[in-house]
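One structure below.
The values are calculated or read from the model by the stated rules, or taken from the named source; none is laboratory data. Predicted, not measured: the structure shown is a model, and the values here were computed from it. With ideal geometry, Cβ positions are generated from the backbone for all residues, glycine too; neighbour counts draw on all protein chains shown.
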Amino acid sequence: MRKFHIALGVSSLTDSIADYTQRLASQPQVIVPEVYALWRTETLNFSIRQIAAGEVPGLRHLGWEESAASAFTDTRDCNGILWEEFGPEQQLQEILELWPNAQIKH
């Protein structure tokens with residue numbers, strides 16, 4: 001199954017988790033306190049990441065969670081936007097490598 005992936009940079013992780021939990025009618029499956037959260041719905045893979053002071057919130061990248069993907073890949077489109085393609089296992093592995101303290105909900 002293929003799910004659309006959206007990654008945003010946010011100014012307040014706590015406020016954003018509350019807002020997007022309500023908007024998506026779902027709890028995040030992964031939380032890295034003060035850093036990152038990830039939701040997986042039937043059709044969407046949605047992540048947020050805390051930005052540094054002085055950075056502007058907004059789009060980080062787009063992509064596809066593809067259950068048949070055998071590797072993590074990325075490309076840029078004609079507008080310079082980064083697109084990633086990955087399987088759920090590759091994404092989870094990347095998260096755990098970056099943040100071993102990630103809270104995973106199954």
- Checking G80 against (1) more than 15 Å from the chain's Cα centre (by Cα); (2) closer than 18 Å to V10 by Cα; (3) at pLDDT 95 or above, which test does it fail? (2)
- Message: If I ask for residues that are farther than 14 Å from F4 by Cα and touching a Leu at 6+ places or on another chain (Cβ under 7 Å), which ones from the stretch 75-94 would you list?
- Response: R76, I81
- Residue selected from the stretch 17-60 under the condition more than 13 Å from the chain's Cα centre (by Cα) and among the hydroxyl-bearing types (S, T, Y), by the criterion nearest to G80 (Cα to Cα): T43
- State whether the residues of the stretch 46-59 include one that is surrounded by 11 or more Cβ atoms within 10 Å (Cβ to Cβ) and touching a Lys or Arg at 6+ places or on another chain (Cβ under 7 Å). yes
- In this structure, is S12 more than 22 Å from I104 (Cβ to Cβ), surrounded by fewer than 17 Cβ atoms within 10 Å (Cβ to Cβ) and out of contact with any strand residue (DSSP E or B) (no Cβ under 7 Å at 6 or more places or on another chain)? yes
- Note on the structure: So the strands (runs of 3 or more DSSP E) completely within the stretch 1-50 holding 2 or more residues that are modelled with pLDDT of 95 or more and either in contact with an Asp or Glu (Cβ under 6 Å, 6 or more places away or on another chain) or closer than 18 Å to W64 by Cα (or both) are 2-10, 36-40, 44-50
